[in-house]
Amino acid sequence: MSQSLKARVYQILESSDPTDLLSRVDDWAVSLLVILDVTAFILETSAFISSNFKLFVNEIELVAVACFTLLYIIQLWCCTVDPRYAHPLWGRLRYAMTPLVVIDLMAILPFYLMLLFPLIRSIKFANVFRLLRLLKLIRYSEALQTILRVIDSKKNELIMTLFTVFILLIFASSLMFFAESQEQPDAFPSIPAAMWWGVVTLTTVGYGDVYPVTALGKLFGATLAFIGIGLFALPAGIVAAGFSEELQRKKIEQLTSPKIPHWEDAERLAIAHHLDRSSDVMKTCIEMAKTKFGDSFENEELIRDLALSLYEEASRKFKL
């Protein structure tokens, strides 16, 4: 009963099955709670709301943290039904280090750190960590997960592009410093200070707070602006290509994936794990059959019956 309950809870929390009512309730409830909590945090910065509804806003945060903490504990409790995290200690630690579970921890950890160390609240930007709870939406949003998969698949190209931009920024800032430092010592006092101008120019934002006045500086600035237009279009093109590939991959999977009966996720994982562990026994049986009957024996049903018996044993053992 305990294993069956664990498996069901694990399936509800880990999967976003649109055909499962409890899974949909979990997705919508957590998403709504995240949105309410972040909205309360934003409204709290208003002097009127903070003075008149501070207690209500604080209660929203307490309810959100309590719910997120309870969910985190339940996740660690039921994760052992997954064969990958079957060990009661190391399996849970391995599960806790997975990206989505780390995000779940980040959603509640700042609250408890501020509770244990009140001095942290005096840090100006400490409350900004509350916005980390928005990352929990990644678990329940297929769109956000698709974005992460695209970025992960194109990380090498993106890193190369960013590295190129960084090298160009150093060269441009250095040239502009030597071109403008004598005419504008306050605007370009050093190469690190000139990097602000380089970033603004490369990204084609052009705030206009710092700009070249010498002929050589203007030439460098105009050249860098043209380069920036093309260079910063590269990441957008790389990500767009990644999205196209991801959508194409999903279409191919939908067309080629076999229609199999709907099993409980935890049961399927458990059976697969059991059969994998039984592979050595299977090989031994085959070798014994070959030794007894020869390399080619007429009754091939022996091996088929052996495989079926292993499967039936696994089904009985892990039936939910």
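The values are calculated or read from the model by the stated rules, or taken from the named source; none is laboratory data. The shown structure was predicted, so the numbers you read here are calculated from the model rather than taken from an experiment. Every residue, glycine among them, receives a Cβ derived from its backbone with ideal geometry; neighbour counts consider all protein chains shown. Remember, those area values only see protein heavy atoms, side chains included, never the ligands or the DNA or RNA. Shrake-Rupley method; radii C 1.70, N 1.55, O 1.52, S 1.80 Å.
Taking the criterion of being β-branched (V, I, T) and in a helix (DSSP H, G or I), the residues of segment 200-221 that qualify are V200, T201.
Quick check: is even one residue across segment 190-199 at pLDDT 90 or above, of a type outside the set (V, I, T) and not in a helix (DSSP H, G or I)? Among the residues of segment 190-199, at least one is at pLDDT 90 or above, of a type outside the set (V, I, T) and not in a helix (DSSP H, G or I), which makes the answer yes. With respect to being part of a helix (DSSP H, G or I), open to solvent by 40 Å² or more (accessible area, probe 1.4 Å) and aromatic (F, W, Y), F111 falls outside the description. Consider segment 154-176 and keep the residues that are open to solvent by 60 Å² or more (accessible area, probe 1.4 Å) and charged (D, E, K, R). The one that is farthest from T203 (Cα to Cα) is K155. Of all the listed residues (L137, L62, L105), the sole one being open to solvent by 90 Å² or more (accessible area, probe 1.4 Å) and in a helix (DSSP H, G or I) is L62.
For every residue, the table says whether it meets (1) buried (at least 19 other Cβ atoms within 10 Å of the Cβ); (2) at pLDDT 85 or above; (3) part of a helix (DSSP H, G or I).
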| residue | (1), (2), (3) |
| --- | --- |
| Q3 | no, no, yes |
| I12 | yes, yes, yes |
| S16 | no, no, no |
| V34 | yes, yes, yes |
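Put simply, of I151, I147 the only residue that is open to solvent by 30 Å² or more (accessible area, probe 1.4 Å), over 30 Å from K6 (Cα atoms) and either hydroxyl-bearing (S, T, Y) or free of Cβ contacts under 8 Å to residues at least 24 places away in the same chain (or both) is I147. Check whether at least one residue in segment 79-97 is surrounded by 16 or more Cβ atoms within 10 Å (Cβ to Cβ), out of contact with any strand residue (DSSP E or B) (no Cβ under 9 Å at 6 or more places or on another chain), in a helix (DSSP H, G or I) and of a type in the set (S, T, N, Q), and report yes or no. Yes: one or more hits.
Looking across segment 177-193 at every residue that is among the acidic types (D, E) and under 15 Å from L216 (Cβ atoms), the one that is surrounded by the fewest Cβ atoms within 10 Å (Cβ to Cβ) is identified as E183. Of the residues contained in segment 210-228, none is found to be among the polar types (S, T, N, Q), modelled with pLDDT under 85, more than 28 Å from the chain's Cα centre (by Cα) and open to solvent by less than 90 Å² (accessible area, probe 1.4 Å). Given the criteria out of contact with any strand residue (DSSP E or B) (no Cβ under 9 Å at 6 or more places or on another chain), modelled with pLDDT of 90 or more and outside any helix (DSSP H, G or I), does F178 qualify? For F178, the condition - out of contact with any strand residue (DSSP E or B) (no Cβ under 9 Å at 6 or more places or on another chain), modelled with pLDDT of 90 or more and outside any helix (DSSP H, G or I) - is not met.
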